[in-house]
Structure formats: C-alpha cells, structure tokens
Amino acid sequence: MASVIVLGAKGRFGRAAAQAFASAGWDVTRAGRGLTGPGCVEVNAMDADALTHVCAGHDVIVNAVHPPYPEWTAKVPVLTSALIAAARVTDATVMIPGNLYNYGSEVPELLTEDTPWVPNTRKGNIRIRMERAYRDAGVRTIVLRGGDFLEGAKTGNWFDTYIAPKAQQGKLTYPGPRDQVHAWAYLPDMARAMVGLAERRAEFAAFEEFGFGGYALTGNEMIALVEQAVGRPMRVSRLPWFALRVMALWSPLMREVLEMKYLWFRPHAVDGSKLRAALPEFRPTPVQEAIGNSIAQNTKAYVPRAVNA
C-alpha cells in the first residue's frame, strides 16, 4: 500500500488532502503541531531532523503547511529547506498546493503552466523562490496550482468570509467587479486531483506543474449560483476596501490581504488542459453541486475575519 504523510493536516488543504488520500486507499499519516490519535504525529515542520524522521518510509509528502502571511518571510525558507532535506533522505515525492501569486498584478486572463512568472508582491516572490528551490534541489516535486478555494468549512477564505455567511438572509458581499471572471477551486476536487497525480507520479518529470482549472466564474455567475443554492434572490453589496485599508494601518495581516487585492480586479482563469490529459478519468464536481455543498455549511451567522487564503 502506498503511503503519504500530510504536513499541516489541521489546515484547510491538509485536511482535504488527508481525507482524499484515505478515501483512495492510501496509508495516511497526518502530521502537525497538536495532532494526536491513530495515524497522527506531532512535528515541527521547520526542524529538518525531526521532519526527516517522521517522513521516513513514506512515498509522498504533501506540503500543506501554511504559516500566517506576516510570517512568510521568516518561515517559508526554513520550512522549504527542511522539507528538501527530508525528501532527499527519504526519496519521497513532494506535492504542493500552489496559488496564483507567482503571476503578479498583471496576471493574464488565462494561466497555463507556461505563463511567465512576473511577481511584484512580497508573497509572490516568496512563492517563486520556494518553488524554484524544490526544482533546483532535484527532489521530485509536483505543484498543483488553483484559484481561491470553495469548501464546506469556515476557514477564513474569501468565500466563507464574505460570499456565503449571510446568504440564507438574502445578503451577499462580492469583492470585485461583477462582470469579471475569477478563478475558483473546489477544495475536495483539488485534493482528489492531487491523489490522482500522486498515483501517476512515476510518469512525470522531476519537477512538474499542473493547473487546476476549477471554475471560472464572473461575479454575476457566482451570485446566480448562490441564489439557486439558497432559493432566494441576493441583495449584493460591494466589499468596503477602504475599511480594509484603515484596518491595515495597525493589522499586518490585513496589509498582506490588500497586497493581493489585484486578483479581484483583473479577470483570470486557470487552464486545466494539462491536468485533464494526465488524469483523463477525473470528473470534477458540477459547479452547482460544489456551490450548494459549500453554502450549506457556511450560511450560519458568522463574524467576518481577515482572509488568509
């Protein structure tokens, strides 16, 4: 039986990945701080020796560790170095959920694996240095890159913070222009796609990047899908970006959120053709079902918090 260790298994992608690998019959180890119980190990992922020890014997390492935005500069390079060291010793394939920060504020309308990386944000530069470090180290690595998450858990992403929480009351906040396309990734589907790639990892080059197409939806399309899910029209308000700018005066996290504001004001979609070619049997969840599932668990009264997606 193939085995995988999911680092950051308490987080949004780690939780979904652990569930998807287990459902596919893999032997799954959930790793992170504060994890206890069968199949769980507690580890400081930035300690190379400790990480190498817990990763020993696993075929795949999923790097789902996501430090808070303000800590990226200090923690991401250390984590990357530790994980590369562990992968070299264990000869495991590293799998990483990627985001769209690499492309910068001039992000084009369609993103492919060949789209140049032109970062002009701090987080974009950090992500590029991280991914290039894996490539240059020669450890087997697969990056699966998608847009903003849709999921049925309240984890502080854009969907559950602003779009979903008051939908049952007929209220919705949309962060950007309603006529522009925005890239979304249904988290359970993206995790299932990662499992599919893991099962075919021997077929790929040492460093591979795949775009997860997900759903490319305009604001109006998203609003219509939410209305269909809850069975009532929405009163739509615009996100008060000025209030976020005021909060950013004392909130480091809010400053990090504002740095990525451009993704709501430039139309973009992820091309998933390479992934479809690699996983021809993969069937994504229909968008109406994905929105319905995500809305169902995100419509209780909820106090919006800073987004960390």
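The values are calculated or read from the model by the stated rules, or taken from the named source; none is laboratory data. The shown structure was predicted, so the numbers you read here are calculated from the model rather than taken from an experiment. Note that each Cβ is placed from the backbone with ideal geometry, even for glycine, and that neighbours are counted across all protein chains shown. Accessible surface is based on the protein model in full, side chains and every heavy atom, while ligands, DNA and RNA are left aside. Shrake-Rupley method; radii C 1.70, N 1.55, O 1.52, S 1.80 Å.
Worth pointing out:
- The one condition in (1) more than 27 Å from Gly124 (Cβ to Cβ); (2) open to solvent by 20 Å² or more (accessible area, probe 1.4 Å); (3) free of Cβ contacts under 8 Å to residues at least 60 places away in the same chain that Gln288 fails to fulfil: (3)
- If the condition is being at pLDDT below 95 and not in a loop (DSSP other than H, G, I, E, B), then the range 16-37 contributes only Gly32.
- Applying a threshold of 6 Å to beta carbon distances and a minimum spacing of six or more residues, or different chains, the list of pairs starting in the range 44-55 at a residue that is over 11 Å from Ile84 (Cα atoms) and at pLDDT 95 or above and ending at one that is assigned to a helix (DSSP H, G or I) and of a type outside the set (Lys, Arg) reads Cys55/Ala86; Cys55/Thr90.
- Annotation note: of Pro252, Pro280, the sole residue that is within 24 Å of the chain's Cα centre (by Cα) and within 27 Å of Val195 (Cβ to Cβ) is Pro280.
- Any strands (runs of 3 or more DSSP E) falling wholly within the range 157-217 and containing at least 3 residues that are within 17 Å of Pro97 (Cβ to Cβ) and either open to solvent by less than 50 Å² (accessible area, probe 1.4 Å) or among the acidic types (Asp, Glu) (or both): 181-186, 207-211
- Unmet criterion (only one of (1) of a type in the set (A, V, I, L, M); (2) surrounded by fewer than 18 Cβ atoms within 10 Å (Cβ to Cβ); (3) in contact with a helix residue (DSSP H, G or I) (Cβ under 8 Å, 6 or more places away or on another chain)) for Leu83: (2)
- Residue count for the range 56-71 under the criterion of being within 22 Å of Ala16 (Cβ to Cβ) and either at pLDDT 95 or above or open to solvent by 40 Å² or more (accessible area, probe 1.4 Å) (or both): the result is 10.
- Among the residues listed as Thr161, Thr173, the single one being hydroxyl-bearing (Ser, Thr, Tyr) and over 20 Å from the mean Cα position of the chain (by Cα): Thr173
- Sole residue being crowded, with 18+ Cβ neighbours inside 10 Å, part of a helix (DSSP H, G or I) and among the acidic types (Asp, Glu), chosen from Glu256, Glu221: Glu256
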